[in-house]
Amino acid sequence: MANANEEMETKGVSTLLGDPKSAVLKLSIPMIIAMTINSLYALIDGVWVAGLGEAALASIGFVNPIFLVVMGFSNGLGAGATAIISRYIGAKDKKQADNAALHVLLLTGILTIIFTAILLLFLRPILEAIGAGTTLDLSFEYGRILFLGTIFIVFSSASYGILRAEGNVTKTTYAMGFGAVLNIILDPLFIYTFKMGVTGAAIATVISLASVSLLLLYWFTKDTYINFSIKDFIYSKTLIKQILGVGLPAGGEFLIIATLAASLNIILIIVAGVDGVAVYTAGWRVVMMAMVPSIAIGVSIVAVVGANFGGKKYENIKIIHHYGIKIGLIIVIIMSIAIFLLAPYISYIFAYSPESAGLRDTITDFLRVTCLFYIALPIGMSSSSIFQGVGRGLDSMFLTLIRLLVLEVVFAYILAIPLGLGQYGVWWGIVLASLVGSGIAYGWSRRYINRLTRENKSLES
């Protein structure tokens, strides 16, 4: 074991296996703090880049769908790690939990090689295909540097998944917070002081990710519950299948999100030009911050459900589902009201320069329309997380596919082009799809949970 600190080990594991409501809350609060800081970085990064003008802001918007694919499969690997390792911890099989973590590291190396090779060879054609147009050179300049740091993206995401699996959200919070604060400090230095523009923004991100990866690697050699001892590695196709059974569909969800972002960018170019993409890119950074509580709760649900599923405490899964939705709704309703009231002031931070001042009113409208989008998020994300926690990643991915590619793109297209609402139609399409898709996810998850509970009772009787 990396450290004989039994108190720390017992605390993390006992949290996962204790009262399910308490477990969700204890894991969610640090995750909300860490992810808020991380989203604050993304927000501030957008603010600094906005000072370079609309073209620079739009160029990052075109790289975002590709970044989402890389980040998505990295987070998917982390989700697979959380679900599988927490399940073995719940079953009190530490040896297999350690071995599963080593398999996660193996998959980290494979995923890094694949993404780095593809993006170094095909980044410019991909950007051309998704409509970068006049911003192609800026987008390529930003993306080329950013994706040289793919190893750090994948490793940090996988490591977060392992830490969450053992209930060690404190270190996850520290690492994410450290990376975000470092990035916030480095951004203005590289963008303006060193006069590197969007290239500087990419360099600042890579340096921050590398620093976080080194910190995580240090912790894993010192004081984590999971033991990374290569001599204990026993290759297992079953473990690979279990991790990928959650990881690939979870990564596929981000591929769907990236496809959605690219599709919406194309629709926005048609109805509003580069300005439409710039407004969406700026406003979506605020949306991402507002999404944090729902995402953090969903991530925590994966770990708690995995541990209870491994321990065969199936009756707790319904409690976890309901509680996650309840606390999520309370938080997002408060946030929605706050963002609606503060929208004019928030929009100013993205339109403070003469080059971007014309976007201010439209960004304000975007922020107010998307306030309704947040309300459905806790329902949809908590429901999808149930499936990831029990290892049914394909169910979660299918729900995301329905909400985003089937509903969101269709609604956005119909409202924006045939009905002539322009970029406002895209925003309302996002809202409508979220409400309908989350309702479908809730019904699907409840049906599964009820069936699982009935089957368990039948086996016991």
Accessible area in the full protein assembly, largest first, 1.4 Å probe, for Lys195, Lys312: Lys195, Lys312
When the C-alpha atoms of the chain are aligned to their principal axes, what extent does each axis show, in angstrom, from largest down? 66, 44, 36
Remind me, relative contact order of the chain in percent, using alpha carbon pairs under 8 angstrom and six or more residues apart? 25
Within 10 Å, at most 14 other Cβ atoms, and a DSSP state outside H, G, I, E, B define an exposed site. Report the longest part of the chain free of exposed chymotrypsin sites (Phe, Trp or Tyr not before Pro). 1-193
Charge dipole magnitude, Cβ of K and R +1, D and E -1 - the stretch 60-171, Cα centre, debye nearest 20: 440
Along the stretch 200-213, Karplus-curve 3J(HN,Hα) (6.51, -1.76, 1.60; θ = phi - 60°) to the nearest Hz, with x for Gly and Pro, reads x, 4, 5, 4, 4, 5, 5, 4, 5, 5, 5, 5, 5, 4
Please report the accessible area of His322 (heavy atoms, 1.4 Å probe, ligands and nucleic acids excluded) in Å², nearest 10. 90
For the chain, take the longest principal axis of its alpha carbons; what is the angle in degrees between that and the long axis of helix 169-188, to the nearest 10 within 0 to 90? 20
Between helix 377-389 and the chain, what is the angle of the helix's C-alpha long axis to the longest principal axis, kept within 0 to 90° and rounded to the nearest 10? 40
Separation of alpha-carbon centers, the stretch 284-353 and the stretch 165-190, rounded to whole Å: 19
Treating the beta-carbon of each Lys and Arg as +1 and of each Asp and Glu as -1, no other charges, what is the dipole magnitude of the chain about its Cα centre, to the nearest 20 debye? 1360
Which net charge results for the neighbourhood of Ser382, defined as the other residues with beta-carbon distances under 12 angstrom from its beta-carbon, given Lys and Arg at +1 and Asp and Glu at -1? +3
Could you name the lysines whose alpha carbon sits less than 18 Å from that of Lys21, not counting residues in the same chain fewer than 8 places away? Lys11, Lys312, Lys313, Lys318, Lys326
Taking the stretch 246-337 and dividing mean pair separation by its residue count, relative contact order in percent (alpha carbons under 8 Å, at least six apart): 24
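The values are calculated or read from the model by the stated rules, or taken from the named source; none is laboratory data. Here the structure is a predicted model, which is why all the values come from computation and not from measurement. We place every Cβ from the backbone using ideal geometry, glycine too, and count neighbours over all the protein chains shown. Note: accessible area is taken over every heavy atom of the protein model, side chains too, but ligands, DNA and RNA are not part of it. Shrake-Rupley method; radii C 1.70, N 1.55, O 1.52, S 1.80 Å.
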